[in-house]
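Data first, discussion second: the structure below is written as structure tokens.
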Amino acid sequence: MNDLGTVLNNLSTAFPLIVQLIFILMGLFGLLVGYGGLKDLYAIASDPYHARGGVGHGEAIGKIVLGAALMVAPVILWQSANTFVLGGQQTANLLSYVPTRADGYCKQVHFSISAFLMIVGASGLFHAAAIMWGMANGTRNVGTGQAITYFVGGTLCFFINDAAKIIGNTIGFGVGFDQLCQIM
């Protein structure tokens, strides 16, 4: 019978590929959203008096900006890593942020959990973008707080190691996977 750590270690080879797939889907979704914004902007330019009661300038431009941000989401996340979290040389390649595979059971579990939380974080960022798109479309009647919550949560999950270091430095107590490995 396998324990949870062994199962995670076996699945960890697929985790970076899943993160890349999520970012590819975000880029394709960004193309769709940007196309919709350009189409709406064209409709506004064709009918300046809005006789058909369509979307306004703000919604159309919002869709274009959201689509552009989705198309380059990994680059935006990589560039903003120095602002949100510790960043540095670890973020030179977005997926090199995951700790390197190492010998030892605990380090392998650390790698697996970090990669899994990157999937959760990327999914949260994608969901935040989908909420914003629904708001711009008029099909989702929620406030921006829900999208911001998913964005912040997704960012923290994606950079869980740095978030743990920041929390540890703030409270003056070491938290994170490194301390877990020292205990084990």
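Figure legend. Inter-residue proximity from segment 137-164: first residues charged (D, E, K, R), second residues in a helix (DSSP H, G or I), beta-carbon distance below 7 Å, spacing 6+ or different chains. Indicated pairs: Arg140/Ile131; Arg140/Gly134.
Residue pairs whose Cβ atoms lie under 8 Å apart, sitting 6 or more positions apart in sequence or on different chains, and linking a residue in segment 13-39 that is surrounded by 16 or more Cβ atoms within 10 Å (Cβ to Cβ) to a partner that is basic (Lys, Arg) and modelled with pLDDT of 85 or more, are Val33/Lys63; Gly34/Lys63; Gly36/Lys63; Gly37/Lys63. Phe173 - would you say it is crowded, with 19+ Cβ neighbours inside 10 Å and among the aromatic types (Phe, Trp, Tyr)? So Phe173 fails the test.
Look at segment 47-61: where a residue is more than 15 Å from Ala136 (Cα to Cα) and a partner is modelled with pLDDT under 75, sitting 6+ places away or on another chain with Cβ atoms under 9 Å, you get Asp47/Gly54. In segment 92-116, the residues that are within 10 Å of Ile160 (Cβ to Cβ) and of a type in the set (Ser, Thr, Tyr) reach residues that are crowded, with 19+ Cβ neighbours inside 10 Å and at pLDDT 75 or above with C-beta atoms within less than 7 angstrom, at least six apart or across chains, in these pairs: Ser114/Ile160; Ser114/Asn161. Taking segment 109-128 as the range and being within 21 Å of Trp78 (Cα to Cα), over 9 Å from the mean Cα position of the chain (by Cα) and not aromatic (Phe, Trp, Tyr) as the test, the residues that pass are Ser112, Ile113, Ser114, Ala115, Leu117.
Restricting segment 141-159 to residues that are closer than 20 Å to Leu28 by Cβ and of a type outside the set (A, V, I, L, M, F, W, C), the residue that is farthest from the chain's Cα centre (by Cα) is Tyr150.
The values are calculated or read from the model by the stated rules, or taken from the named source; none is laboratory data. Not measured: the values here are computed from a predicted model. With ideal geometry, Cβ positions are generated from the backbone for all residues, glycine too; neighbour counts draw on all protein chains shown.
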